[in-house]
Amino acid sequence: MRMMYMKTSGVQLDTDYSREMLGMMEADGLLEGIEYDFDPGPDVPVVQGRDAMRRYECGILERVKKWVDSDRYDAIVIQSVLDPALFPAREISPIPVLGCLESAVHLASMLGRRFSFLCTVPVEMKMIPENLAVYGFTEKLASMRCISLPVPEVKKRLNRSAQIDAMEETAVMAIEEDGAEVVILGCTGLSWMAPELRERLKERGYEAPVIQPVWAAVAFARMLVRLGMRHSPLAYPAPIPDPDAMLMQ
């Protein structure tokens, strides 16, 4: 299997961390049997709102078309918990295109009845529930919890102990107060915390799954390719050619 792993922002810190995550997935054995290439993504700033998201989406669609036309890949994974351009990308792609958020909530729904997101910034608190409504998972959402840690600090592991402590306490509140049975990390920058967070929750008597959305997306991409399946063209029909554009060619 050959996979294109696409990041959503060309910011160098994000690029370095994305490569680190790929290394973590390799160490976990998730990439066994997968050859992958890395696309650092559009040259746009980190998403802080819907305007930036629109700019992301245009760049992502250009890249999806490029990699699809190359005929080199079996699947594409878009690294973002906000799933930018996911549905339009599927309409222009004959191969599976996986988003992190959609993959994470499908996995969570198989592991428990209700899940909570642990986020880092307010934009995630607003936009993730909007996507869940589209995906049909609103009723399974126990809560959105924000730890209010700047993403660059999280990725650099500044004040590592304090960051893990904050995540642990927030996860426990989601379980005890909100009724969460599964915890989803609401930012890919939190991925490195998952193993220790699982252990800390277990020590406190909660064997709740902690989902890393990027891991879920890669796992689903691998499964779809091995099953020989792709997204249904009935759900994601190819764009209808523009007659005027065809005449101008």
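Since every read-out is calculated from the coordinates, none of them should be taken as a lab result. Everything numeric here is computed off the predicted structure, so don't read it as measured data. A quick note on method: Cβ atoms are made from the backbone with ideal geometry, for glycine too, and the neighbour counts reach across all protein chains shown.
What ranking, highest mean first, results for peptides 30-43, 92-105, 115-128 when packing means the other Cβ atoms within 10 Å averaged over each residue?
Peptide ranking by packing, descending: 92-105, 115-128, 30-43.
Report, as a whole number in µm² per second, the diffusion coefficient that Stokes-Einstein gives for segment 142-206 at 20 °C and 1.002 mPa s using the Kirkwood radius over alpha carbon pairs.
178 µm²/s
Over segment 86-189, what number does the Rg to Rh ratio reach, with both radii from the alpha-carbon atoms and Rh per Kirkwood? Kindly include the intermediate steps, with their values, before the conclusion.
Values: Rg = 14.7 Å, Rh = 14.6 Å.
Value, to two decimals: 1.01.
Using Cα atoms only, what is the angle between the long axis of helix 12-27 and the major principal axis of the chain, expressed in degrees (0 to 90) to the nearest 10?
Tilt of helix 12-27: around 80 degrees.
Given the chain, what count of lysine pairs have C-alpha atoms under 17 Å apart, with each pair 8 or more places apart or on different chains?
Here the count comes out as 4.
Give the span of the chain's Cα atoms along each principal axis, as three whole-Å numbers ordered largest to smallest.
Result, largest extent first: 65, 38, 36 Å.
Applying 1/(1 + (r/R0)^6) with R0 = 22 Å to the Cβ-Cβ distance of GLU203 and GLU176, what FRET efficiency is obtained, to the nearest 0.05? Don't skip to the end; give the middle numbers.
Numbers: r = 15 Å, r/R0 = 0.68.
For R0 = 22 Å, the calculated efficiency reads 0.90.
Would you work out the relative contact order for the chain, in percent, from Cα pairs under 8 angstrom that are 6 or more residues apart?
Over the chain, the number comes to 21 percent.
Which angle between 0 and 90 degrees, to the nearest 10, do you get for helix 50-70 versus the longest principal axis of the chain when only C-alpha atoms count?
It is inclined by approximately 60 degrees.
Provide the packing ranking of 179-189, 219-229, i.e. peptides ordered by the mean count of other C-beta atoms within 10 Å per residue, highest first.
179-189, 219-229
On each of the three principal axes of the Cα atoms of segment 137-249, give max minus min coordinate, whole Å, ordered largest first.
Result, largest extent first: 64, 30, 28 Å.
How are the Cα pair distances of segment 14-136 distributed, in percent, across 5 Å bins from 0?
Calculated over all Cα pairs of segment 14-136, the distribution is 2, 9, 18, 22, 22, 17, 9, 2, 0 percent.
Can you tell me the equivalent ellipsoid semi-axes for segment 107-154? Use √(5λ) from the Cα gyration tensor, largest first, whole Å.
After diagonalising the Cα gyration tensor, the semi-axes are 22, 12, 8 Å.
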